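Here the structure is laid out as structure tokens; the discussion comes afterwards.
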Amino acid sequence: MSDQQKQLVVIGNGMAPGRMLEELFEREPASYSVTIFNAEPRVNYNRLMLSPVLSGEKTYADIITHDDDWYAANGVTLHKGDAIEAIDRDRRCVVSRSGIELNYDKLVVATGSSPIVIPIPGVDLNGVYTYRDLDDVQRMVDVCAGGGSAVVIGGGLLGLEAAAGLRERGMTVTVLHLMPTLMERQLDPAAADILKRAFEDRGVNIITEANSREITGSQGQVAGVLLDNGTEIPCEMVVMAVGIRPSKRLADDCGIATERGIVVGDNMTTSDPDIYALGECVEHRGACYGLVAPLYEMAKVIAENLTGACASFTGAVNATKLKVTGIDLYSAGDFADGEDREEIVLRDATAGVYKRLVIKNDVIIGVVLYGDTTDGPWFFDLLKKGTDVSEMRETLIFGQAYQGDGAADPLSAVAALPDDAEICGCNGICKSKITGKITELGLSSVDDVRAHTKASASCGTCTGLVEQLLALTLGDSFEPSAATPMCSCTSLEHGDVRRLIKAKELKSIPEVMQALEWKTSAGCAKCRPALNYYLIADWPDEYADDYQSRFINERAHANIQKDGTYSIVPRMWGGQTSAKELRAIADAVEKYDIPTVKVTGGQRIDMLGIKKEDLPSVWADLGEAGFVSGHAYAKGLRTVKTCVGTDWCRFGTQDSTGLGVRIEKFMWGSWTPAKVKMAVSGCPRNCAEATCKDVGVICVDSGFEIHFAGAAGLDIKGTEVLGLVETEEQAIEHIVAIVQMYREQGYYLERIYKWARRIGYDEVRQQVLHDAEKRKAYYDRFVLSQRYAQVDPWQERVRGKHEYEFAPLAKLDQVVAI
Amino acid sequence: MNGESIVWIDIGALSDIPPSGARCVEIDDRTIAVFRDRDDRVYALEDKCPHSQGPLSQGIVHDGCVTCPLHNWVISLASGKAQGADSGSTQTFRVEAKDGRLLLEAGAFS
């Protein structure tokens, strides 16, 4: 080393170069004479703490990392508010905006990143801010003083922190997020849903899949944000937090290699060996980093290499923490689903906890923690080191405290609980009360414990704990309950799930999964369609149908056939048709080259072999003749078969066709646990075969005999008689009440006859026939539900709903390279 | 084309496929199902279940797999292999989502 100190020039004074200098001075305090150019007019502060400054929890003074004294003590020259304009590599010098020219031996470019501003009309208006540095924060705080509304565009880490801060300052805040779930890069959808609700509980309005079209203004000032769907959200302030872009202009201008960022090798030098790049402006092995841990790692590598070492930065896995007071969130690694991956999920609904580990080949590759993040660093450490976790698998998710010393058995964790530990939070039942009653009364099942202690009798989420206490107390003599869970994602039965959806007012699939402590992060092909139905049935006016949780027939509103084509059955009310309808069908069959036309057992016409792409056009043609969907594909009302009744038949006692049409017109479109087929016969000769239907009517001279719970499929079973009513109005009220009772109580895919056998035929008669008040209540709830259900799905699709369902993504006639 | 380079075909936007859904790409008389999972990963498989050629694109997407709409076979999106007790395999193709666009490998079916 020469006697003269070498010149080290640093462009940028963010957290990464700050850390790099600390590392450098620790190693060789006097090896370089250091000069920093900072575009911001201040010393180095902790940018991670901008959120607490925005929310008012901290001040600028609290977040300073290096004060003026530090620079003086270390002999560093800091030019505040003076940006570098150019790097002259030939002369090995930098030129600042104020005109300073300075030679360097080594140069560190740490220009950071700049916020991405999406180029929509109105971004130039007053009141549009980015969220990047202290100046941004100060401007926002000034606006907050006047109160009003703010819109944050971007539901990622920064956007949410900004939203929380603005809310804390008393603003009305709406977050617009382009993607379906918040923080989609860091969180799985389950955790994102919990996060969304946490923000909503704080009064932050969140709109996902929101595409901002324009920022509207008046007299140069922001007035609102207009979305693609025409919604306008009025506001005085817009914060753009959609992402960051590495600031690489200086490097571009002087001919250093750049891609998305300034390209560096593992030793952190750029294509010019005397110039290092550091921080958010860097691109290393194709990756750019925006989180502090890997930037500190880079800082360390540069400090070592500046002092003659040969250190390498080899990339990093990021861990993310959201910095909003009261919301604990931690994520790291890769948490996508995959068939070669397993997941361990722990949900504690009472404590608001969701934890998910993604494991591949016995190694943790992804971590998502919500509510309790204490074990985050430990999991992250296991992830980074690639530790084999097979030994501690059983108890891994409970965290570090449960490892070692023979805690491998989950039962021992329960055994270790003190006697006064609360097991059932709803009813305040402690461990010793349960074990005491088990011994005292000789209880042997969860139901027994429920009956005698009330433990797990309310919300049911402690059922697992109660089972473990039974197993502990009874030893080998304990036989786990024979309850059949809905699927392997839960230990709850259908009945429990239905009851809890109502009791806990759960209104979305992710909410059910969290509150009922689902063992998987997103459910499976068995539970998702069931939950979707339960939520539609229970909250008809609030729940948004999740189409991706429906089987294809209900998504496409047609029946898939073995060759991938579809069949459709238009509704023929009561089995009656007309020349006009038949002509429309005939025309469609010819026009679309439909190969097979068949009369169904439900008195309708089935057109088979239709190409999926043609469905909307076929429906459009049929719709012109007045046809609507016959729901032949639905777990819902199918047909109402009728005979010709008093219109034509010499034996007919009532207008069976007319009643059938009335029932069908009243009830079509409703979703049910399994398909519902009905029939109305005009006399006891029963030509419409009403006595093997889910619900049937036999007309007699004195009125209408109502039947239910018949079957003529896998099982054959004659109906049970509900009772005799006198008028058509009464008949309809009773039929609707039975179906609504079934809609509220049936298990998904359970036909009426099975449901009625399970709960008892007399129970149905009691509630529907004998209890007029209950009957009326069922009827009213059905009517409410129909308000949302009775929309012809075919015409909706003719008008363009779910267009993507029917058209191919692309048709490639010829493979052309691009 | 040499063995190193891959020719990609732009087949549409990622947002054209609903999350946990699929769309089809038709190439002459073959159909390729392109899946998007809830984490925005994309996969491409021949739109045929190894069991009885059911259109996998029409199934429910879950846990990195799709359940065939015809007989509920569960097929891995990444490997195309039937899961559980069933055995059989569907051809997979390379597909990537880049800057919001979907790129399908051209070589596999040319």
I'd like the full set of residues that are surrounded by fewer than 18 Cβ atoms within 10 Å (Cβ to Cβ) and assigned to a strand (DSSP E or B), limited to region A:280-293.
A:287
Total residues in region A:513-535, condition more than 13 Å from chain B (Cβ to nearest Cβ) and in contact (Cβ under 8 Å) with a residue 40 or more places away in the chain:
6
Exactly one of (1) more than 7 Å from chain A (Cβ to nearest Cβ); (2) surrounded by 19 or more Cβ atoms within 10 Å (Cβ to Cβ) is unmet by residue B:85. Its number?
(2)
Enumeration of residues in region A:346-363 that are in a strand (DSSP E or B) and surrounded by fewer than 21 Cβ atoms within 10 Å (Cβ to Cβ):
A:346, A:348, A:353, A:359, A:360, A:363
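Could you please find all residues in region A:70-85 being of a type in the set (Asp, Glu) and crowded, with 17+ Cβ neighbours inside 10 Å?
So in region A:70-85, the residues of a type in the set (Asp, Glu) come out as A:82, A:85.
If the condition is that a residue be of a type in the set (Asp, Glu) and crowded, with 17+ Cβ neighbours inside 10 Å, then A:82 is the only one that fits.
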Of the residues B:45, B:70, only one is out of contact with any Asp or Glu (no Cβ under 9 Å at 6 or more places or on another chain) and part of a loop (DSSP other than H, G, I, E, B); which?
B:70
Selection from region A:251-279 of residues that are outside any strand (DSSP E or B), surrounded by 23 or more Cβ atoms within 10 Å (Cβ to Cβ) and in contact with a strand residue (DSSP E or B) (Cβ under 7 Å, 6 or more places away or on another chain)
A:251, A:261, A:268, A:278
Which of the residues spanning region A:327-342 are more than 10 Å from residue A:367 (Cα to Cα) and in contact (Cβ under 8 Å) with a residue 24 or more places away in the chain?
A:327, A:328, A:329, A:336, A:337, A:341
Say we look at region B:9-41 and pick out the residues that are more than 7 Å from chain A (Cβ to nearest Cβ) and part of a strand (DSSP E or B); which of these is farthest from residue A:193 (Cα to Cα)?
B:30
Go through region A:40-79 and give me each residue that's in a strand (DSSP E or B) and in contact (Cβ under 8 Å) with a residue 60 or more places away in the chain.
A:45, A:78
Here's a check for you: in region A:503-513, which residue that is closer than 17 Å to residue A:528 by Cα and assigned to a helix (DSSP H, G or I) is nearest to the chain's Cα centre (by Cα)?
A:510
If a residue must be part of a loop (DSSP other than H, G, I, E, B), modelled with pLDDT of 90 or more and closer than 20 Å to residue A:521 by Cβ, how many such residues does region B:53-63 contain?
1
Checking residue A:664 against (1) under 27 Å from residue A:529 (Cα atoms); (2) surrounded by fewer than 22 Cβ atoms within 10 Å (Cβ to Cβ); (3) in contact with a strand residue (DSSP E or B) (Cβ under 8 Å, 6 or more places away or on another chain), which single condition isn't satisfied?
(2)
Go through region B:5-30 residue by residue and tally those that are closer than 19 Å to residue A:560 by Cα and crowded, with 18+ Cβ neighbours inside 10 Å.
5
Subset of region B:54-72 [within 8 Å of chain A (Cβ to nearest Cβ) and either free of Cβ contacts under 8 Å to residues at least 24 places away in the same chain or closer than 17 Å to residue A:556 by Cβ (or both)]
B:54, B:55, B:58, B:59, B:60, B:61, B:63, B:65, B:67, B:69, B:70, B:72
Can you report the number of residues in region A:777-807 which are under 30 Å from residue B:26 (Cα atoms), assigned to a helix (DSSP H, G or I) and among the basic types (Lys, Arg)?
1
Among the residues of region A:364-381, what is the count of those that are crowded, with 24+ Cβ neighbours inside 10 Å and more than 23 Å from the chain's Cα centre (by Cα)?
1
Looking for whichever is away from chain B (no Cβ under 14 Å) and buried (at least 18 other Cβ atoms within 10 Å of the Cβ) here; the options are A:324, A:317. Which one fits?
A:324
Limited to region A:547-573, what total is found for residues that are more than 9 Å from chain B (Cβ to nearest Cβ) and acidic (Asp, Glu)?
1
Search result, residues across region A:48-69 that are crowded, with 16+ Cβ neighbours inside 10 Å and more than 24 Å from residue A:98 (Cα to Cα)
A:49, A:50, A:51, A:52, A:53, A:54, A:55, A:63, A:64, A:65
Consider region A:85-98. How many of its residues are without any contact (Cβ under 8 Å) to a residue 12 or more places away in the chain and touching a strand residue (DSSP E or B) at 6+ places or on another chain (Cβ under 9 Å)?
2
Any hit, region A:61-84, residues being modelled with pLDDT under 90, within 30 Å of residue A:255 (Cβ to Cβ) and in contact with a strand residue (DSSP E or B) (Cβ under 8 Å, 6 or more places away or on another chain)
no
Residues satisfying the stated conditions in region A:196-205, i.e. more than 10 Å from the chain's Cα centre (by Cα) and closer than 24 Å to residue A:516 by Cα
A:197, A:198, A:199, A:200, A:201, A:202
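The values are calculated or read from the model by the stated rules, or taken from the named source; none is laboratory data. What you see is a predicted model, and the numbers here were worked out from it, not measured in a lab. Please note: Cβ atoms are built from the backbone with ideal geometry, for glycine as well, and neighbour counts cover all protein chains shown.
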